[in-house]
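Written below as structure tokens is the structure these notes are about.
The values are calculated or read from the model by the stated rules, or taken from the named source; none is laboratory data. Owing to the predicted nature of the structure, the values given are computational and were not obtained by experimental measurement. Neighbour counts are summed over all protein chains in view; Cβ atoms, including those assigned to glycine, are modelled from backbone coordinates with ideal geometry.
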């Protein structure tokens, strides 16, 4: 096994391109990432729905459950904890998370290969 | 009002009840002449009626006389056959419901059991049960009539049940008169005050279902608690004995209902489905709720964890307070940041109230993906587009245009069940280009998605059909154009049939119209799907104008009062009073809402705008339609196609594509 390469931060879009509580998809190093801006900050997760198998998570509805920020799959409504990626409806199912930050008004993403 | 008896409704109520009723009636400006016969109707100079002469010498001016003369049994068959009749008509039968000819029986309102015709449904059912038992060799006899009734007289609730007049020897009366709330109640108890024999209620009949079910059994609570109209808590169904019949239409006892609750029925629809209680007249539905409460089943009406109120209450809050954003609503009346349940509900309510384009401002973040991309999400992440074809009527040129769009964008093409053409496999970045082509060809895209009017199907109607009696296509087109874009608690479907052969399957729709020789019959509350249901006849022989007004009100009342994802059928079933109540509200305007409902629909029709064209004309809305925010020109590489029967279909490369969605399957009841 080669050592895990520390991936770079990739600028994606200006922050004002992200509407509050409405996701967009981005292509980062060939990986489809779903990006969200909420009251609680920025989140980046895989765009791939781990249950449905389609690249649609960016089109899900953002909200909260018991104080935790959530994302619901637009295919069959499974709800995920945006802070951990864990599915709150199906034990054992997880949405891969990526690092995201805002620098000088630009949203940047760094892929995380494994949890 | 002229009444021969000494009080109003002499059969149903006693003297004190009649006096209370008279007070109500006279407050409405109706003068009651009691205990007096009419001796003559006198004509005026033009030959029409002008006055009534009463036996006591008085005269009453009248332009119109309505004679209420009760019911008359249809006994022509018995007369023709030479069978004996009752003293006041009706086929004379004995307690076994048999006529003088042992091979002939009579049931229902035409039967005069031991000489008496009962013009009520419960005795009718009882006679049918007697005859069924006799035909099977049994020895059943007519058990006596259950003459319990609950009705409204000029808007006043009146109920009587059991021995309402206290004719049982030694019986005791407990009466309660409240001139402030203007209610009167009487309970008739056995001589030991332990058994309820009957009673009368005037003004407030809310205790009727519980009291009626308690007749012949112990009192479910102290008499005063039962009668005091304060909160009705004492009259709750929870106090009923197990053998009490809660639903007398379908002979369902409390024990049956408790067993169903113990077996897992946790709401009224579930109780209805497994016991049939409340599925006929619906008057016991409030008791079903009380029994669930008594069993400790919590029936929350909270929409979700963010709002403690139901959809209907949320609708009223938004409407009355003029709230236009989710953030204000959740800050003032909820908590948290919303979810995939409450956000689309609020988006739908705001759209119903005409709050502008679905993608404008904060509203965009509330929309389900279908409403956000104005198309139908498919399993592979692509969308389908269904151009609106009102009534299913389409010109050859437009048909060709759809074919060209499908060919040029390589879309899988299928005819739908709603007389439209579904085009599958469009990426989000292709949607505006497809709409552009459709708009140029004279189409708009359509709501094959979303909680809104879907289609109004039609048969070909009297233009071509040899049997048709009205222009069903013309009406379907008009209705679809009138109600398109109307956001509702659930999807809405409709159809129009040009004759009683019903080729458009209108009775399978939320609102279905079937032509008659002289107008239209309106049916409501039908659906296909998981639990198919035929729509019920709501109004008959309507003019087109009256029909449209009634549908306007039906839809707006549904939009205002239904629960989230409650189709019209379930909405009507859950309504206290059911279809009769709905008719009272929409036809007789019993709640005084009709002008408001009419105005709301007029606003919808006037404000309608093609949502898809509106996206094309606004760069701010249009920018959402890219696959990737940082690579607007790159199409989503995950959407790929194979070819099946000559058409593109989603490629099945990934093993975990195609996971079926598990739905509960219907079971055979044993």
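Annotation: of all residues in the range A:25-49 being farther than 23 Å from residue B:338 by Cα and in a loop (DSSP other than H, G, I, E, B), the one that is nearest to the other protein chains (Cβ to nearest Cβ) is A:30. Counting only strands (runs of 3 or more DSSP E) that sit completely within the range B:415-497, those holding 1 or more residues that are more than 13 Å from residue B:386 (Cβ to Cβ), in contact (Cβ under 8 Å) with a residue 12 or more places away in the chain and within 22 Å of the chain's Cα centre (by Cα) correspond to B:453-458, B:492-497. Within the range A:64-105, the only residue that satisfies the criterion of being in a strand (DSSP E or B), within 14 Å of another protein chain (Cβ to nearest Cβ) and over 16 Å from the mean Cα position of the chain (by Cα) is A:65. I'd like to check something: does the range B:386-402 contain any residue that is at pLDDT 95 or above, more than 14 Å from chain A (Cβ to nearest Cβ), under 30 Å from residue A:53 (Cα atoms) and part of a strand (DSSP E or B)? Yes, that holds for at least one residue. Looking only at the range B:378-390, how many residues end up being farther than 15 Å from residue B:485 by Cα and in contact (Cβ under 8 Å) with a residue 60 or more places away in the chain? The qualifying residues number 7. Take the conditions over 20 Å from residue B:268 (Cβ atoms), in the same structural domain as residue B:513 (by TED's automatic domain parsing) and outside any helix (DSSP H, G or I) and apply them to residue B:554. Does it pass? Answer is no for this residue. Given the structure, is residue B:553 touching a helix residue (DSSP H, G or I) at 6+ places or on another chain (Cβ under 9 Å) and within 14 Å of chain A (Cβ to nearest Cβ)? Answer is no for this residue.
So, residue B:170, is that one more than 19 Å from residue B:158 (Cα to Cα), assigned to a loop (DSSP other than H, G, I, E, B) and in contact (Cβ under 8 Å) with a residue 24 or more places away in the chain or not? Taking the combined requirement at face value, the residue does not satisfy it. Scanning the range B:570-622 for residues that are outside any helix (DSSP H, G or I) and farther than 30 Å from residue B:438 by Cβ gives B:575, B:576, B:577, B:587, B:588, B:589, B:590, B:591, B:592, B:593.
Would the range B:29-40 turn up any residue that is without any contact (Cβ under 8 Å) to a residue 60 or more places away in the chain and touching a helix residue (DSSP H, G or I) at 6+ places or on another chain (Cβ under 8 Å)? Taking every residue of the range B:29-40 in turn, at least one turns out to be without any contact (Cβ under 8 Å) to a residue 60 or more places away in the chain and touching a helix residue (DSSP H, G or I) at 6+ places or on another chain (Cβ under 8 Å).
Restricting attention to the range A:50-61, the residues being at the interface with chain B (Cβ under 8 Å from one of its Cβ atoms), touching a residue at least 24 places away in the same chain (Cβ under 8 Å) and within 21 Å of residue A:111 (Cβ to Cβ) number 3. Applying the criterion of being more than 9 Å from chain B (Cβ to nearest Cβ) and either modelled with pLDDT under 95 or not in a loop (DSSP other than H, G, I, E, B) (or both) to the residues of the range A:10-24, the residue that is farthest from residue A:103 (Cα to Cα) is A:16.
Annotation note: of B:355, B:375, B:351, the sole residue that is at pLDDT below 95, closer than 30 Å to residue B:398 by Cα and more than 10 Å from chain A (Cβ to nearest Cβ) is B:351.
Residues in the range B:211-238 that are modelled with pLDDT of 70 or more and in contact with a helix residue (DSSP H, G or I) (Cβ under 6 Å, 6 or more places away or on another chain): B:220, B:221, B:225, B:226, B:237, B:238. In the range B:425-441 there is at least one residue matching the filter, namely being out of contact with any helix residue (DSSP H, G or I) (no Cβ under 9 Å at 6 or more places or on another chain) and buried (at least 23 other Cβ atoms within 10 Å of the Cβ).
Could you tell me whether the range B:277-293 includes any residue that is closer than 25 Å to residue B:565 by Cβ, buried (at least 20 other Cβ atoms within 10 Å of the Cβ) and within 14 Å of another protein chain (Cβ to nearest Cβ)? Checked against the condition, which is being closer than 25 Å to residue B:565 by Cβ, buried (at least 20 other Cβ atoms within 10 Å of the Cβ) and within 14 Å of another protein chain (Cβ to nearest Cβ), the range B:277-293 yields no hits at all.
Within the range B:317-341, the set of residues being under 16 Å from residue B:490 (Cα atoms) and more than 8 Å from every other protein chain (Cβ to nearest Cβ) comprises B:341 only.
Scanning the range B:313-340 for residues that are in contact (Cβ under 8 Å) with a residue 24 or more places away in the chain, over 25 Å from residue A:88 (Cα atoms) and crowded, with 19+ Cβ neighbours inside 10 Å turns up B:314, B:315, B:318.
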